[in-house]
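Read the structure below first, then the notes.
The values are calculated or read from the model by the stated rules, or taken from the named source; none is laboratory data. Treat the numbers as computed from the prediction; the structure is a model and nothing was measured. Positions of Cβ are backbone-derived with ideal geometry, glycine not excepted, and every protein chain shown enters the neighbour counts. Side chains are part of the model used for accessible areas, which takes the heavy atoms of the whole protein and leaves out ligands, DNA and RNA. Shrake-Rupley method; radii C 1.70, N 1.55, O 1.52, S 1.80 Å.
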Amino acid sequence: MGSSASDNYCAFTKAVERLGDRWSLLIVRELALFGSQGFNALAHGLPGHISRSVLSDKLRNLEELGILARMPSAGGRPTNYLLTPAGEQLGPVLRALLGWAEKWVPEDAAMAQRDPGVIVWWLAHRVDTAVVPAHQVVIEIAMSGADVPRGWLLLARDTEPTLCVEDPLLSEDRYVYVDADPAGLFPIARAVRTWTEAIADGSVRVYGAPDLVRALPTWFMAIEPAIPTAKPAALAAAVA
């Protein structure tokens, strides 16, 4: 009897069929990292562009699977979603997948060209919240030639960055403006190039409140040395 008939294989197939789309595991990751969230927060926080109808379908599917649940709303406030114990048990799976992808999956610059909105999301997840200013500041990002609206990152010390789709309208002295095309911001967002390097060669332009402009490169996690990966020949020898 072939392996496709085994119980384990069938269970694996069912998991892939229900969770192997573009969005489901990203939704689980978002809730695992940031706790319970409402529909609008999830729509704004997920990388790339997800339509409201697709997000509704994915949330409904995850709820039917018992991976997330809706918190009862009070006072007319929107419902929040949170992970169930079954959803929380996906944590090790997500960490293992992340580790594998960081080591073996090559960067796809073309993806950022197709969906440049994901770049702002990547940048938000590289912010070092321990070193940003104590009072709120805004990084306004405009990507030339990209078919995406402006993005605003709202930052404050020891607080998770907020990715805004509308200008938060703080006072002018709390803004840093970033102009670049997706190709210029992509290597910064993926931690393969520093802000300082990109500003120096003109691929990224930063202006606004002078003290914030000077400090901006320090607000993001330092680039770590690349982890060497096995070459195909070495890999073949290791498994021979």
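What number comes out for accessible area per residue over the stretch 173-215 if the probe is 1.4 Å? Units Å², please.
47
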H135-A11 FRET efficiency (beta carbon distance; Förster radius 51 Å; 0.05 resolution): 0.50
query: With every protein chain left in place, what is the accessible area of T162 in Å² (1.4 Å probe, nearest 10)?
result: 60
